């Protein structure tokens with residue numbers, strides 16, 4: 001349960017941190033001609049134009065449009081991923097610890113005998 005909670009929180013944090021960039025990117029893709037007024041803009045200029053447009057028309061909330069659907073998609077998948085990774089790590093841990101112990105014992109046996 002702990003692993004699922006941690007995975008869910010990690011997924012939510014990733015969505016919230018990347019939401020503004022994702023909204024700007026989506027605006028560029030969907031409204032590129034309207035943002036440029038037909039002018040050729042560099043990537044940085046296009047990014048600034050899109051962010052200014054969102055800020056002027058929707059304010060801060062505009063930077064988080066579509067966050068709920070992304071949360072619904074990402075949180076459960078991140079939870080499952082985190083649980084699977086931690087389960088594999090727990091399953092392999094005894095094998096790796098035993099392998100390390102065996103390797104250390106083998107190294108002692110092959111070392112030069114004490115006098």
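Please treat every number below as a calculation from the coordinates, not as lab data. All values reported here derive from a predicted model rather than from experimental measurement. With ideal geometry, Cβ positions are generated from the backbone for all residues, glycine too; neighbour counts draw on all protein chains shown.
Of note:
- Averaged over residues, the count of other Cβ atoms within 10 Å places the peptides 59-65, 23-29, 80-86 in the sequence 23-29, 80-86, 59-65, highest first.
- Between the stretch 54-73 and the stretch 1-27, the C-alpha centres lie 13 angstrom from each other.
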